[in-house]
1. Relative contact order (percent) for the chain, with alpha-carbon contacts under 8 angstrom and 6 or more residues of separation?
2. Using 7 Å Cα-to-Cβ label points, what is the HIS231/ASP103 separation (nm, one decimal)?
3. So what is the 222 nm mean residue ellipticity for the chain from helices alone, if each DSSP H run of at least 4 adds -39500 (n - 2.57) and you divide by all residues, rounding to the nearest 500 deg cm²/dmol?
4. For the stretch 71-161, give the magnitude of the charge dipole about the Cα centre (Cβ charges: +1 Lys/Arg, -1 Asp/Glu; no others), in debye to the nearest 20.
5. Calculate the length of the line joining the C-alpha centroid of the stretch 168-204 to that of the stretch 273-329, in whole Å.
6. Quick check: residue separation of THR299 and ILE6 times 0.36 nm, minus the Cα distance between them. What number comes out in nm?
7. Name all residues of the stretch 182-199 having a backbone nitrogen under 11 Å from the label point set 7 Å from the Cα of ALA14 along its Cα→Cβ direction, giving them as ranges.
8. Taking R0 as 41 Å, what's the FRET efficiency between GLN311 and ARG240 from their Cβ-Cβ distance, rounded to 0.05?
Amino acid sequence: MQPPPIHSWHWLDASDLQAVIDALRGEGRRVIGPKVADGAVILGDLVSVAELPTGWLDEQDGGSYRLRQDPAAGSFDHVVGPHSLKNFLFPARETLVSFAREDGVWHEQAAAPPAAPLAVLGVRGCDLAALRIQDRVFLGNGFVDEAYRSRRERLFLVAVNCRRAVATCFCHSTGCGPAVEAGFDLALTEVDGRFACEVGSEEGARVLSEAGIVDAPLSTDEAETVRRVPHDLASRMHARQATDGVPRPRSLDTHGIRDLLMANPEHPRWDDVATRCLSCTNCTLVCPTCFCASVQEVTDLTGDHVDRERQWASCFSLDHSRMHGQPTRSTTSSRYRQWLTHKFAGWIDQFGTSGCTGCGRCITWCPVGIDVTEEIAAIRATDGVTVAREEASS
Ligand code: SF4
Ligand code: SF4
């Protein structure tokens, strides 16, 4: 069957989506997608469309996440949960290399065979933005992380255009959503129980063809209507309108944010937020772009086997800044400042982009509801340093 052209649109019903999942699994891929588990929509192994969180909506706010059932909700009307692509491309813990001692001589052990290539369903605009950022960290700047590269280059992405936002979303402020523009193999927009599917790559076209879907194109008018779905949501987010009874989404003024944060290392807000922050690391664990890790050698009890393990690290851990036996950031205030200033300012110098996509996870999953948009707004509102500098140069 001839694959459909890139950027063509096709209607899929639930059985067609199942055929896509079957085609991906049939070529040996591990298919990951959203499903309800432990009271949240998580990303997990997906075999059937029946496992999708159809009829579930999430309500999110600072320090709060709730699921509720709504018969009118589609399969992708939930927003992002605690997991992201990071959990699969840069796992929380992995063995980089192992060594064994035989007859007193250490040998490097053969690497484990590569894991099955991944296909991930339900990837949002903010997730694709986070992936572009992680690509710069792990593949750019003249350094290639082989563990990341081997998973990334075989990744198949089925993206979703959001038609609903929650109160913690601010992707419209960072320019990362809610529309998915590029970087996907297939992109779905849910409309009246069906999925309008845009082909985004040759791989996407091939898989659609394998699934037997080439002959249900959208008319030009239908494609135009479908394209408007995420853009209408973006307009409502910019207008900060509440949608479907959900509190209005947050927003962030990103104007001059690098200079604002770099100019305010002594701002009293850092001490204020430190009185609330638990240094629990949740925000960095759920953030789809945080990439810090520590590496340590772990031996078994015989002492004849060693694994070199990489584990996620966090700005909020005391050990993360340990140098010469002492942490250089011994206070919560200095650790929060490091996280926020690096993510929203230092990354721009380092990687040419902000480290924040506006996904809102750090706000939802902070146990005390600390909100990056509120903290930055508070610094901006009482910023004497940058204002004085701008006035002096004008
Ligand atoms: S800093 Fe917060 S809102 Fe920004 S990408 Fe990370 S988790 Fe999402
Ligand atoms: S900001 Fe919130 S999530 Fe992050 S370390 Fe502090 S208490 Fe934990």
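Every read-out reported here was derived from the displayed coordinates using simple, explicitly stated rules and does not represent laboratory data. None of the values given here were measured: they were computed from a predicted structure. Neighbour counts are summed over all protein chains in view; Cβ atoms, including those assigned to glycine, are modelled from backbone coordinates with ideal geometry.
1. So the answer I get is 22 percent.
2. Result for the modelled spin labels: 7.2 nm.
3. The helix contribution divided over the chain gives -9000 deg cm²/dmol.
4. So the magnitude is around 320 debye.
5. Each part reduced to its Cα centre gives a spacing of 34 Å.
6. 100.5 nm
7. Residues 193-194 qualify, since their backbone N sits under 11 Å from the label point.
8. The value I calculate is 0.60.
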